[in-house]
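These notes are about the structure you will find just below.
The values are calculated or read from the model by the stated rules, or taken from the named source; none is laboratory data. What you see is a predicted model; the values in this text were computed from it and never measured. Cβ: placed from backbone, ideal geometry, glycine included. Neighbour counts: every protein chain shown. What goes into the accessible areas is simple: the full protein's heavy atoms, side chains included, and nothing from ligands, DNA or RNA. Shrake-Rupley method; radii C 1.70, N 1.55, O 1.52, S 1.80 Å.
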Amino acid sequence: MSRVYNFSAGPAVLPEEVLREAQAEMLDYKGTGMSVMEMSHRSKAFDDIIREAEQDLRDLMHIPDNYRVLFLQGGASLQFAMIPMNLMKNRVADYIVTGQWAKKAYQEAQKYGKVNKIASSEDETFSYIPDCSDLNISPDADYVYICENNTIYGTKFKTLPNTKGKDLVADVSSCFLSEPVDVSRYALIYGGVQKNIGPAGMVIAIVRDDLITEDVLPGTPTMMKYKTHADAGSLYNTPNCYCIYMCGKVFKWLKRMGGLGEMKRRNEEKAKILYDFLDESKMFRGTVRKEDRSLMNVPFVTGDKELDAKFVKEAEAAGLVNLKGHRTVGGMRASIYNAMPKEGVEALVAFMKKFEEGNL
Ligand SMILES: *Cc1c(COP(=O)(O)O)cnc(C)c1O
């Protein structure tokens, strides 16, 4: 067996310890004589799994009691519709467009009401976060929407926008659990777990409970109402049981590692190794404004498409895989999520140095 350093943006690297635990429990989960994959979602064993997973997430993020934690399917992309369907009471919302995912959410919301693009960084291919300290917030907006970490472009909001009292909704798919957050500053936080938490197939939504009502847009399907899932403890229908189990293991791993404060320290340390090299390199450079750099997704280029392709190919042969940039931006992107060890980033930088010496 040989494991590579996997820099994929998602589905992405998982902690090896967690994979080994799942392997050990594959055929017989805690004396049940079956795998979690084969287990009823109404069983006692699974009930313990889902309740512990929620509690561990609450502990890690210090989620206040007036927020509900929902384990949902349909990916982050389904939330692009669920959010307006559940929250657009006035049928007005303000969106800050800082990348492809925010843009998709903005476009989807237009099906349901008047949607204002109150800020954007599309003029410079989403390479920065616009100043959001004094935006033209709509007086009747139901919420202000952001994508907090832009997976494709590698930018991150370092300060949250001033929403002037309006509810803030954030897609945190690619920065979920990467650092401590103050949940009370948001009305709704959500993210697909396949980036920084677990396997693909689930979204976690953390929703302030006053927003969970029957007062949704007409025609909203039962499965797309937050209330349906909140009332049923995420067991209205069969959830993604195995994914909940794996995420629960990752939450326990994060607790063992020292929690989100320690993850932030580690993530800053890892990102610095790569960004410092990009800043001094004669061949490679980062593509985003320095103040807005993400700790999780690091895009970079050589400025020469052929050299980029050569780099990606040779890196792969050296066990550093999935470094090709998103198809819409080209170049390279290293996603260095919680589960990427520091050694992986050091190996990448060592390889980049060698490549630079050999190709300048
Ligand atoms: C990957 C990603 C999505 C889309 O996730 P799906 O689960 O594939 O729908 C949405 N937002 C962000 C920020 C992402 O990184």
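Simple rule: put +1 on each Lys or Arg Cβ and -1 on each Asp or Glu Cβ in the range 92-183, find the dipole, and look at 159, 144, 107; the Cα lying farthest toward the positive end is 107. Taking a sphere under 10 Å around the Cβ of residue 160 and counting the other residues whose Cβ falls inside, with K and R at +1 and D and E at -1, yields a net charge of 0. Residue-wise HN-Hα couplings along the range 289-301, as the Karplus relation 6.51 cos²θ - 1.76 cosθ + 1.60 with θ = phi - 60° gives them from phi, are 4, 4, 5, 9, 4, 6, 7, 9, 10, 10, x, 8, 9 Hz; Gly and Pro carry x. With a Förster radius of 41 Å applied to the beta-carbon distance between residue 131 and residue 77, the computed FRET efficiency rounds to 0.90. Shown in residue order for the range 6-13 are the 3J(HN,Hα) couplings computed by the Karplus curve 6.51 cos²θ - 1.76 cosθ + 1.60 at θ = phi - 60°: 9, 9, 4, 6, x, x, 9, 4 Hz (x for Gly and Pro).
Between 224, 37, 85, the GNM of the chain built on Cα springs shorter than 10 angstrom shows 37 fluctuating the most. In the range 231-360, one over the average inverse separation of all distinct C-alpha pairs is 16.6 Å, which is the Kirkwood hydrodynamic radius. Run the paramagnetic zone check for residue 66: 7 angstrom along Cα to Cβ, then residues of the range 142-169 with backbone nitrogen under 17 Å. Within reach of a label on residue 66: 165-169. Other residues lying with their Cβ under 12 Å from the Cβ of residue 287 contribute a combined charge of +2, Lys and Arg counting +1, Asp and Glu -1. I need the calculated FRET efficiency for the pair residue 353 and residue 264, taking r as the beta carbon distance and R₀ as 30 Å, to the nearest 0.05. Efficiency computed from Cβ-Cβ geometry: 0.65.
Largest GNM mean-square fluctuation among 102, 93, 119, using the chain with Cα springs under 10 Å: 119.
Taking the helices alone, the chain has a mean residue ellipticity at 222 nm of -11500 deg cm²/dmol, built from -39,500 (n - 2.57) per DSSP H run of at least 4 residues and averaged over all its residues. Ligands, DNA and RNA are left out, and with a 1.4 angstrom probe the accessible area of the range 102-222 is 37 Å² per residue.
The solvent-accessible area of residue 333, taken with every protein chain present and a 1.4 Å probe, is close to 30 Å². Largest to smallest in accessible area, the residues 58, 51 fall in the order 51, 58 (1.4 Å probe, all protein chains included).
Cross-link partners among aspartates and glutamates for residue 117, C-alpha distance below 19 Å, same-chain residues fewer than 8 apart left out? In chain and number order, the partners are 94, 108, 131, 134, 140, 142, 148, 167, 171.
What a 1.4 Å probe finds exposed on the range 17-256 is 49% carbon and sulfur by accessible area, rounded to a whole percent. Taking 0.36 nm per residue of sequence separation and removing the Cα-Cα distance, the residue 89/residue 313 pair yields an extension gain of 75.6 nm. Taking the accessible area of the range 259-359, probe 1.4 Å, and keeping the other protein chains in place, the carbon and sulfur fraction comes to 48%. Put a plus charge on the Cβ of each Lys and Arg, a minus charge on the Cβ of each Asp and Glu, and nothing anywhere else: the dipole of the range 259-359 about its Cα centre is then about 260 debye.
Spin-label model, residue 213/residue 1: points 7 Å from Cα along the beta carbon direction are separated by 5.2 nm.
Within straight cross-link reach of residue 227, meaning Cα distance under 20 Å, which lysines are found once same-chain residues fewer than 8 apart are removed? Partners found: 89. Here the extension length gained between residue 23 and residue 182 equals 53.8 nm, from 0.36 nm per residue of separation less the Cα-Cα distance. Note on surface exposure: 163, 238 rank 238, 163 by accessible area, highest first, 1.4 Å probe. For the range 17-256, the equivalent ellipsoid derived from the alpha-carbon gyration tensor has semi-axes of 33, 20, 15 Å in decreasing order. For the pair residue 59 and residue 279, label points projected 7 Å from Cα toward Cβ lie 3.7 nm apart. The residues of the range 16-66 have, on average, 61 Å² of accessible surface per residue, using a 1.4 Å probe with all protein chains present. The Cβ shell under 14 Å around residue 265 holds other residues with a net charge of +1, Lys and Arg each +1, Asp and Glu each -1.
The value of relative contact order for the chain, using C-alpha pairs under 8 Å at least six residues apart, is 23 percent. Of the residues 284, 242, 130, the one whose Cα sits farthest toward the positive end of the charge dipole of the chain, with +1 on the Cβ of Lys and Arg and -1 on the Cβ of Asp and Glu, is 284.
For the pair residue 232/residue 159, report the inter-label distance in nm, with labels modelled 7 Å from Cα in the Cβ direction. Result for the modelled spin labels: 4.3 nm.
About the centre of its Cα atoms, the chain shows a dipole size close to 320 debye [charges on the beta carbon of Lys, Arg (+1) and Asp, Glu (-1) only; nearest 20 debye]. Accessible area per residue (1.4 Å probe, heavy atoms of protein chains only) ranks 148, 179, 268 as 268, 179, 148, with the largest value leading. Of the whole protein surface, residue 231 contributes about 110 Å² of accessible area at a 1.4 Å probe radius.
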